[in-house]
Structure formats: C-alpha cells, structure tokens
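The values are calculated or read from the model by the stated rules, or taken from the named source; none is laboratory data. Here the structure is a predicted model, which means the values were calculated and not measured. Here the Cβ positions follow ideal geometry from the backbone for every residue, glycine too, while neighbour counts run over all protein chains shown. Note: accessible area is taken over every heavy atom of the protein model, side chains too, but ligands, DNA and RNA are not part of it. Shrake-Rupley method; radii C 1.70, N 1.55, O 1.52, S 1.80 Å.
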Amino acid sequence: MALVNAGVVVLDCAEPERLAEFYKGLLGAEESDASANRIEIKGPDGFRMALRRDVNATPPSWPRPENSLQVHLEFVVADLDGAERAIVGLGGRPVEAKDPAGPHEERGFSDPAGHSFTLRLALAPTAPKQG
C-alpha cells in the first residue's frame, strides 16, 4: 500500500496568479483550488500543479552555475516548433543550454518566473542522459 495517495508539483514564485495563467495555457489545465497564497491547477490528464506565493523567491539561473537548477520539469510534445511558439506567446522564453546533443530532440525554456523546463518530442527515447 502506498504511503502517498497523490502528488502535486509545487513551484514557489512571487506572482502565482501570473504563473498559473502560463501553466494553464501550456497544459490546457483549469484552476482546481485557490487561496490568497496558492493556486492549484489540474490538467485534462489529471496532472496537478500548484503555484505558491513566496515574495522572496529567487529564480533559478540554470544553465549558469550560480543559484542553479532547483527543479526541472519535462513535457512531452508532438510538435516542438508549435509548442515553442505557444510558450513564447504565453510569456515563457527559450533557454540555451550548453549540454551535448543527446539521442533525442529537446528544447529548454523558462516560465515567466524563471523556472526551467524541457520540451521533448513524443517519439523520442526516454532513457536518461549519460554524464
């Protein structure tokens, strides 16, 4: 028997309302719960995410080493170019990573609060990067 029944990815940020709008657009999600300092969203596939207010939140600096990667999300897409246009339209931005080319095509981005995430093609292998 599992000790935990469900999980929620929680990102700290200064403006949870703004970040919730970004992820609702990215995931096709809807707001499922909200308070003054926390907004939870739920995607059509059941994926749950919460954005928690922290006025002192410091965005990660990845791929730079100072204050580097704090959390990393990965989303699988069928069309990298179309997804990139949508992400930029929602307020995200591409992040150039200096990692060596891997066995699958992926692109790095950051959300409006600076959290990094990767888009990976749906048909790409799922083996982790080596090294």
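Structure above, values below:
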| quantity | calculated |
| --- | --- |
| Any pair with Cβ under 6 angstrom, 6 or more apart, that starts in the range 8-24 at a residue that is more than 14 Å from residue 34 (Cβ to Cβ) and ends at one that is assigned to a helix (DSSP H, G or I) | 13/19; 22/90 |
| Single match in 113, 97 (criterion: touching a strand residue (DSSP E or B) at 6+ places or on another chain (Cβ under 9 Å), open to solvent by 20 Å² or more (accessible area, probe 1.4 Å), modelled with pLDDT of 85 or more and part of a loop (DSSP other than H, G, I, E, B)) | 113 |
| Sole exception among (1) within 27 Å of residue 32 (Cβ to Cβ); (2) of a type outside the set (Asp, Glu); (3) at pLDDT 70 or above for residue 121, by number | (1) |
| Residue check, residue 42 at pLDDT 95 or above and open to solvent by 80 Å² or more (accessible area, probe 1.4 Å) | yes |
| Flag for residue 51 being modelled with pLDDT of 85 or more, among the aliphatic types (A, V, I, L, M) and open to solvent by less than 40 Å² (accessible area, probe 1.4 Å) | yes |
